[in-house]
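The values are calculated or read from the model by the stated rules, or taken from the named source; none is laboratory data. Small disclaimer: the values here were computed from a predicted structure and weren't measured. Don't worry about glycine lacking a Cβ; one is built from the backbone with ideal geometry, like all the others, and counts go over all protein chains shown. The accessibility values were calculated without ligands, DNA or RNA, using every heavy atom of the protein model including side chains. Shrake-Rupley method; radii C 1.70, N 1.55, O 1.52, S 1.80 Å.
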Amino acid sequence: MSKEAISAPLLDIKDLNISFQQAKGDIRVVNSVSFSIPQGTIFGLAGESGSGKSLTALSIMGILPGSAKARGSIRFKGNEILNLSDGKMRSIRGKEISMIFQEPMTSLNPVLKIGYQVKEAMLAHLPVSKKEAQNRAIELLRSVMIPSPEARMNDYPHQLSGGMRQRVMIAMAIACNPSLIIADEPTTALDVTIEAQILDLIDKLREERNLSVLLITHDLGAIARHAHTVAVMYAGRIVELAPVSEIFSGPKHPYTIGLLESIPFKNKKGVPLKPIPGSVPPPWALPPGCKFSDRCGFMIPACQQAEPELEEITSGHFSRCIRAQEMKWTL
Ligand SMILES: Nc1ncnc2c1ncn2[C@@H]1O[C@H](COP(=O)(O)OP(=O)(O)OP(=O)(O)O)[C@@H](O)[C@H]1O
Ligand SMILES: [Mg+2]
């Protein structure tokens, strides 16, 4: 067995539940989510809007909205970090775990120069002088392949293109040598060519720095190209989890199949795209039993009697569907 296979995962989430207190009672929006990310690997998290991907990410960072309550366990390097005090979490966030958001313009301060913002992250967490931070910031901008980094240090965010701003965000995210990066829809605001470059960059940094990455995206193609393992979420639950090669060669949940059929992902020529009928119901109006049953072409009466467990179908391949063994879909 390789060293990697026997070492404990860098991040280990068990039975994570997140709910919001509302007038009509507690609304649970993330339900019994468990997954782990080994060091140096990319874990893809996919699923329609509202499925709970971002809240899962925010709970790892310890920045859930105040009205949200999280239960379960999130272990990072073997230590429990869920619901850690603000002070303790601050020493992890931005240093050991950092996050790249979808729209850099909302995360970069528009009135501060790029160089200052990259340096700030280091000065907050690392024992470096201003001069060292300056030199390291230039090197970081170079490592995310920003041309003429010395000159760009003096630019304001609006002077850069969207792709370049996202590179600055990545430079800030890796400034303190974190072990885990969470990228929540890091390329949604970018065009496809730039998107491919940014994902290639994240993958290159992962390899060079032995980073682990939680890659949240609607783009299954991006997951297929870059991730090692993927989990598909629906209505706050993981409905399928498998090594990437497995999930794309033989998905075992009708929702995953629906996602694959609804996007131009390696779609055989001439096969029309088929949207999944209906839309995700709000958390308080989910059907009984399997939460996908009301949209599912494979539904039988038993599906609405009890919610299926996430069961291992073949080694490392889990599905939350009582008909998983019957799924024969191939690309
Ligand atoms: N502050 C909040 N108060 C109440 N409900 C919330 C709040 N934030 C999120 N939710 C609900 O939690 C659910 C999950 O939201 P989340 O943002 O994690 O989804 P997502 O999978 O990231 O979606 P998207 O792909 O659109 O980013 C949604 O039903 C959403 O409406
Ligand atoms: Mg989101």
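Extending 7 Å from the Cα toward the beta-carbon at both Thr106 and Leu273 defines two label points whose distance is 2.4 nm.
Restricting segment 79-178 to trypsin sites (Lys or Arg not before Pro) that sit in a DSSP loop and have at most 16 other Cβ atoms within 10 Å of their own Cβ leaves Lys113. Remark: segment 270-331 carries 62 Å² of accessible area per residue (probe radius 1.4 Å; ligands, DNA and RNA excluded).
Gln22 sits among other residues whose Cβ lies under 12 Å from its own Cβ, and their net charge, with Lys and Arg +1 and Asp and Glu -1, is +2. On C-alpha positions alone, give me the angle between the axis of helix 114-125 and the longest principal axis of the chain, in degrees, nearest 10. The two axes meet at around 80 degrees.
Calculated mean residue ellipticity, 222 nm, the chain: -9000 deg cm²/dmol, from DSSP H runs (n ≥ 4) at -39500 (n - 2.57) each, averaged per residue and rounded to 500. Across segment 186-242, the volume of the C-alpha convex hull divided among the residues equals 87 Å³ per residue.
What you get for segment 151-304, charging only the Cβ of Lys and Arg (+1) and of Asp and Glu (-1), is a dipole of about 240 debye around the Cα centre. Mean-square fluctuations from a GNM of the chain, with a 10 angstrom spring cutoff on Cα atoms, peak among Pro178, Pro287, Pro254 at Pro287.
Helix 130-143 and the long axis of the chain differ in direction by around 50°, with both axes built from C-alpha atoms. Using Cβ point charges alone (K and R +1, D and E -1), the dipole size of segment 103-177 about the Cα centre works out to roughly 100 debye. For Ser36, the residues whose modelled amide H falls within less than 5 Å of its own, excluding neighbours fewer than 5 places apart on the same chain, are Ile13.
Applying 1/(1 + (r/R0)^6) with R0 = 41 Å to the Cβ-Cβ distance of Ser67 and Ser148, what FRET efficiency is obtained, to the nearest 0.05? That gives a FRET efficiency of 0.35. Computed over protein heavy atoms with a 1.4 Å probe, the carbon and sulfur contribution to the accessible area of the chain reaches 54%. Relative contact order of segment 1-142: 21 percent, from C-alpha pairs under 8 Å at least 6 residues apart in sequence.
Of the residues Ala235, Ser179, Leu220, the one whose Cα sits farthest towards the positive end of the charge dipole of segment 177-235 is Ser179 (charges of +1 on Lys and Arg Cβ, -1 on Asp and Glu Cβ, taken about the Cα centre).
Relative contact order of the chain: what whole-number percent is it, with Cα pairs under 8 angstrom and at least 6 residues apart?
Numbers: 621 pairs, mean separation 64.0, N = 331.
Worked out over the chain, it gives 19 percent.
Highest mean packing comes first when the peptides 255-263, 202-210 are listed by Cβ atoms within 10 Å, giving 255-263, 202-210.
Note on the chain: antiparallel DSSP beta bridges, both residues inside, total approximately 60 percent of the bridges counted.
The aspartates and glutamates within cross-link reach of Lys252, meaning a Cα-to-Cα straight distance under 17 Å and a gap of 8 or more places when in the same chain, are Glu240, Glu261, Glu307, Glu309, Glu311, Glu312, Glu326.
By the compact-protein rule of thumb, 2.2 N^0.38 Å, the alpha-carbon radius of gyration of the chain corresponds to a ratio of 1.04. Computed from Cα positions, the angle between helix 192-209 and the longest principal axis of the chain comes to roughly 70 degrees. Shape summary: segment 103-177 maps onto an equivalent ellipsoid whose semi-axes, from the alpha-carbon gyration tensor, are 18, 13, 11 Å in decreasing order. Rolling a 1.4 Å probe across the protein heavy atoms gives segment 103-177 an accessible surface of 48 Å² per residue. Build a GNM of the chain with springs between Cα atoms under 10 Å apart, and of Asp86, Asp219, Asp15 the one that fluctuates most is Asp86.
Could you pull out the trypsin sites (Lys or Arg not before Pro) across segment 1-81 that fall in loop regions by DSSP (anything but H, G, I, E, B) with no more than 13 other Cβ atoms inside 10 Å?
Counting only loop positions with at most 13 other Cβ atoms within 10 Å, the trypsin sites (Lys or Arg not before Pro) in segment 1-81 are Lys24.
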